[in-house]
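The values are calculated or read from the model by the stated rules, or taken from the named source; none is laboratory data. Just so we're clear, the structure is a prediction, and the values are computed from it rather than from any experiment. Note: ideal-geometry Cβ built from the backbone for every residue, glycine included; neighbour counts use all protein chains shown. Side chains are part of the model used for accessible areas, which takes the heavy atoms of the whole protein and leaves out ligands, DNA and RNA. Shrake-Rupley method; radii C 1.70, N 1.55, O 1.52, S 1.80 Å.
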Amino acid sequence: METPHYHIVVLPGDGIGPEVTREAVHVLEAAAEAFGFRLTTETHPVGGAAIDATGDPLPKPVLQACLQADAVLLGAVGGPKWDNLDRAQRPEAGLLRLRKALEAYANLRPVQVPEALADASPLKREVVAGTDLLIVRELTGGIYFGEPRGRNGQMAWNTMRYTREEVARIARVAFEWAKRRRGRVASVDKANVLEVSQLWREVVSQVHREEFPELELEHFYVDNAAMQLVRDPRRFDVVVTGNLFGDILSDLAATLPGSLGMLPSASIGGRVGLFEPVHGSAPDIAGQGKANPLAAILSAAMLLETLGQEAAARAVRQGVDAALAEGVKTADLCRAGETPVSTEAVGQFIAAYVRQQTPVAS
Ligand code: NAD
Ligand code: IPM
Ligand code: MN
């Protein structure tokens, strides 16, 4: 059989983006060696780095490269240097344009609390231990993209908008994942106040009734969902919600494993998937070797899985578990008395672990 060959576009971005992405690429290279596939990477600036180089947070050639890749791995964008630019010129606008251009409407954000992290959470161990949920966030619609939007001297306005089709397709993604997991979907909205949420609830219920009647569906108002997520996270399996609520709830859910540095994501739906940590550019710790690369490394595992390299993805995840179990962790995960290691040390540990996995028979 011919050796599979994947071409990955790497967009390190800003702040800690380049630091965590470098480790994720090392781990991907180790996986390619151990599991017998070829990997080529091509690195481009995005966000603030691209503004500095070209004036545009998503230059045309960068977008072209992404559209032609097998997958895109992104670090993070943004930072104080670019905070005073107009909205459409900011680093974040480049990321939003990229998601839209890739038609990556489904953002999968898994949240797990392995035994080794149960004490890293600010919440009680008995509440968080064993948490395993998946936030399915709609990513190319809602208030992030709704028109009209704008401002004048006296006021500013945005529009939260969803079509039936946009809700139905993200609901299907959530139900399909629930089928492969524990069969339960929690849909989160604000249907007691917003028309757009009433439509959301109606359409999710219809997709459930007509296409997935064997699964369990519950509806939550977003305020209650936020409370339940920290009160009893294990009651959740798949959580499906719109763009804005999903953004907020996923950072909230980072308290469960104890750090935003633990949450990976896959943004899928179009031909090319975008794999990106949930966290941002963390300007407060950038350039110090302190950033936790696990969110980026676990995003790389999601990339491998999406490309069909399941065994390699599993090895990467096992490498992450091994690092945590052996206490190879950055400061964000350390309790009093534990000694943190650098971003690079975590990456090297996992790359070495992956290299030791059963090589493919030659
Ligand atoms: P942030 O996610 O960058 O940081 C929030 C807090 O979490 C900080 O204290 C940070 O140090 C910590 N943190 C985040 N990732 C970490 C990691 N890997 N290891 C250890 N600690 C980590 O959010 P913010 O400070 O609100 O935003 C900073 C910038 O990032 C802004 O410009 C924002 O727009 C941008 N941002 C980008 C993305 C993205 O590119 N996907 C996501 C969120 C925020
Ligand atoms: C995220 C980020 C982005 C979002 C920003 C940087 C545009 O917060 O990926 O969660 O809001 O989607
Ligand atoms: Mn966010």
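Just a few scattered comments:
- Alpha carbon Rg of the stretch 132-255, scaled by the compact-globule rule 2.2 N^0.38 Å: 1.07
- Each of the peptides 4-17, 104-117 was scored by the mean count of other Cβ atoms within 10 Å over its residues; in descending order, highest first, they stand as 4-17, 104-117.
- Rolling a 1.4 Å probe across the protein heavy atoms gives the stretch 12-102 an accessible surface of 41 Å² per residue.
- Its Cα centre serving as origin, the chain has a Cβ charge dipole (Lys and Arg +1, Asp and Glu -1) of approximately 400 debye.
- Calculated accessible area for the stretch 132-255 comes out at 47 Å² per residue, all protein chains present (probe 1.4 Å; ligands, DNA, RNA ignored).
- Residues whose placed amide H lies under 5 Å from that of Leu39, excluding near-sequence neighbours: Tyr6
- Protection proxy ranking, peptides 310-317, 24-31, average beta carbon neighbours within 10 Å, highest first: 24-31, 310-317
- The stretch 36-54 versus the stretch 232-251: alpha-carbon centroid distance in Å: 30 Å
- In order along the stretch 273-285, the phi-based Karplus estimate (6.51 cos²θ - 1.76 cosθ + 1.60, θ = phi - 60°) of 3J(HN,Hα) comes to x, 10, 10, 8, x, 6, 6, x, 7, 6, x, 5, 10 Hz; Gly and Pro are listed as x.
- Diffusion coefficient, µm² s⁻¹, Stokes-Einstein with Kirkwood Rh over alpha-carbon pairs of the stretch 144-200 at 10 °C and 1.306 mPa s: 118 µm²/s
- Whole-percent carbon and sulfur share, accessible surface of the stretch 279-362, 1.4 Å: 50 percent
- At the listed q of 0.08, 0.09, 0.10, 0.12 Å⁻¹, the Debye profile of the chain, built from one uniform point per Cα, gives log10 I(q)/I(0) equal to -0.39, -0.49, -0.62, -0.90.
- Karplus-derived 3J(HN,Hα), 6.51/-1.76/1.60, for each residue of the stretch 233-246, Hz, glycine and proline x: x, 6, 6, 9, 10, 10, 10, 10, 7, x, 4, 6, 5, x
- Net charge of Cβ neighbours under 10 Å - reference Leu39; Lys, Arg +1; Asp, Glu -1: -2
- Carbon and sulfur %, accessible surface of the stretch 132-255 computed with the full protein complex present, 1.4 Å: 52 percent
- The smallest convex shape that holds all Cα atoms of the stretch 219-362, its convex hull, gives 157 Å³ per residue.
- C-alpha center-to-center spacing [the stretch 168-223, the stretch 128-165] in angstrom: 16 Å
- In terms of accessible area, using a 1.4 Å probe and ignoring ligands and nucleic acids, Asp132, Asp52, Asp189 rank largest first as Asp52, Asp132, Asp189.
- For the stretch 132-255, a crude dipole built from +1 on the beta carbon of Lys and Arg and -1 on the beta carbon of Asp and Glu, taken about the Cα centre, is about 140 debye to the nearest 20.
- Against the compact-protein benchmark of 2.2 N^0.38 Å, the Cα-based radius of gyration of the stretch 7-153 scales to 1.24.
- For Thr330, residues with placed amide H under 5 Å, excluding near neighbours: Val341
- For the stretch 318-334, backbone phi angles converted through the Karplus equation (6.51, -1.76, 1.60; θ = phi - 60°) give residue-by-residue couplings of 5, x, 5, 4, 5, 4, 5, 5, 8, x, 7, 9, 7, 4, 4, 9, 8 Hz, Gly and Pro being listed as x.
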